[in-house]
1. Anything in segment 308-327 that is of a type outside the set (D, E, K, R), within 16 Å of Pro177 (Cβ to Cβ) and at pLDDT 95 or above? List them, or say none.
2. Go through segment 226-238 residue by residue and tally those that are more than 19 Å from Val262 (Cβ to Cβ) and either among the basic types (Lys, Arg) or not in a helix (DSSP H, G or I) (or both).
3. For residues that are touching a residue at least 60 places away in the same chain (Cβ under 8 Å) and more than 28 Å from Ala392 (Cα to Cα), tally how many sit in segment 133-151.
4. Can you find a residue in segment 307-314 that is part of a strand (DSSP E or B) and within 14 Å of the ligand (Cβ to nearest atom)?
5. Being part of a helix (DSSP H, G or I), in contact with a helix residue (DSSP H, G or I) (Cβ under 7 Å, 6 or more places away or on another chain) and at pLDDT 95 or above is the requirement here; does Leu241 meet it?
6. Out of Leu207, Leu223, I need the residue that is surrounded by fewer than 20 Cβ atoms within 10 Å (Cβ to Cβ) and either more than 16 Å from the ligand (Cβ to nearest atom) or not in a helix (DSSP H, G or I) (or both). Which one?
7. So which residues in segment 159-187 are polar (S, T, N, Q) and in contact with a strand residue (DSSP E or B) (Cβ under 6 Å, 6 or more places away or on another chain), if there are any at all?
8. Could you tell me how many of the residues in segment 233-258 are of a type in the set (Val, Ile, Thr) and surrounded by 16 or more Cβ atoms within 10 Å (Cβ to Cβ)?
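The values are calculated or read from the model by the stated rules, or taken from the named source; none is laboratory data. Quantities reported herein were computed from a predicted structural model and do not represent experimental measurements. So basically every Cβ, Gly included, is an ideal-geometry build from the backbone, and we count neighbours across all protein chains shown.
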Amino acid sequence: MQRCVPVFLDEDLVNLYYNGYCNNILWPLFHYLGLPQEDHLATTRSFQSQFDAYKKANQLFVDVVSEHYIEGDVIWCHDYHLMFLPKYLKERNNKMKVGWFLHTPFPSSEIQRTLPSRSELLRAVLVADLVGFHTYDYARHFVSACTRILGLEGTPDGVEDQGKLTRVAAFPIGIDPGRFIRAIQLPQIKEHIKELEERFAGRKVMLGVDRLDMIKGIPQKILAFEKFLEENPDWHDKVVLLQIAVPTRTDVPEYQKLTCQVHEIVGRINGRFGSLTTVPIHHLDRSLDFHGLCALYAITDVALITSLRDGMNLVSYEFVACQASKKGVLILSEFAGAAQSLGAGAILVNPWNITEVASSIGYALNMPAEEREKRHHHNFVHVTSHTSQEWAETFVSELNDTIVEAQLRIRQ
Ligand code: ADQ
């Protein structure tokens, strides 16, 4: 059976659709960073051509899906790149069962209102049978955008338009925890863990693992660590921050600027607080392989996740899965979707408040074992019982149920 089928887009379309509308407009907007603010007229013109390209690219996906569709199939559309898919699919064949899931936050309707194509996008998604988000808040924002912008009726189950209900609900994603738990038991990883522990002996290890994206709050995190070092000279050579940042969208000027900014801050802090033999921050601009990542998660005392906004944030889940023996502390942004599931076990912080993050670092590093164990237990139970498999099965089974219920309603 063919498991993956490509959709080919030419370079111009990739620029306008993927780099443009998806990543220059929707991504920042959905993360509360607003719309791009260039010269107004130029923006309007380029906005329209990017939006046209977005619709065209979505049509190309529909062509490929339709070619492979077999009656009875369930079609699950993912993310902000494909918001027109539900509409275009149903236009081709109204019998298709279509679900749409958003991996990013869905912002407050006040933010969504600023988007020039706001109504068209919402209407295109509403054609789906089931619309899913990571958290109840995002689902609520979507329903209120539909009521305020489109004037439709919100119900406890979703959005109603002339008797047709689109079900809207929260489906928090998870990870495959077994994969991480098994990995850290492998002899070669145990060996790697031992090497890392020797390498950082006598120091507490703090860890950040993020794509190098503005939403991940990396500069804010490093500035908070600097403030912690400033205020706690006793810790200077007793703690190290390992920040692993995978470069993304490296051809985009804003991302290049972010990389330079992070390098500059790291250089300054290492210059201020480092010695001839040690530095307080190890910053890597690259991704790690799975085993390397698991070993790092396992030796970490405090994970520091300070996203300014994040749909869920799976790094926090992966860290918890690898901490069965160490029981390290998770400092987590209250603006990550994961804060709603791991909030009782993590230390929640406002990533914009550098002073608060700095004092949370001190609290985490000094936390007594009993409290660490209690917090870890809470998170571990959640991560191991809310898996990616359960997430996918729940979404698909709800999609099937929603369609059966809709058919029953029509017959009544
Ligand atoms: P992302 O923004 O990519 O995903 P996240 O959920 O944290 O964010 O997942 C990142 C994945 O990449 C993790 O599996 C992590 O292990 C891996 N990764 C990150 N940095 C790495 C590194 N330096 N080396 C190796 N691997 C690295 C989007 C949304 C999130 C949402 C997910 C899933 O932005 O909010 O949680 O989708 O829905």
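1. Here is the first cut: in segment 308-327, the ones of a type outside the set (D, E, K, R) are 308, 311-317, 319-325.
Going one step further and asking which of them are within 16 Å of Pro177 (Cβ to Cβ), we end up with 312-317, 319-325.
Hits for segment 308-327 are Met312, Asn313, Leu314, Val315, Ser316, Tyr317, Phe319, Val320, Ala321, Cys322, Gln323.
2. 4
3. Summing the residues that are touching a residue at least 60 places away in the same chain (Cβ under 8 Å) and more than 28 Å from Ala392 (Cα to Cα) in segment 133-151 gives 0.
4. Among the residues of segment 307-314, at least one is part of a strand (DSSP E or B) and within 14 Å of the ligand (Cβ to nearest atom), which makes the answer yes.
5. no
6. Leu223
7. As a first pass, look at segment 159-187 and keep what is polar (S, T, N, Q): 162, 166, 185.
Hit for segment 159-187 is Thr166, nothing else.
8. 3
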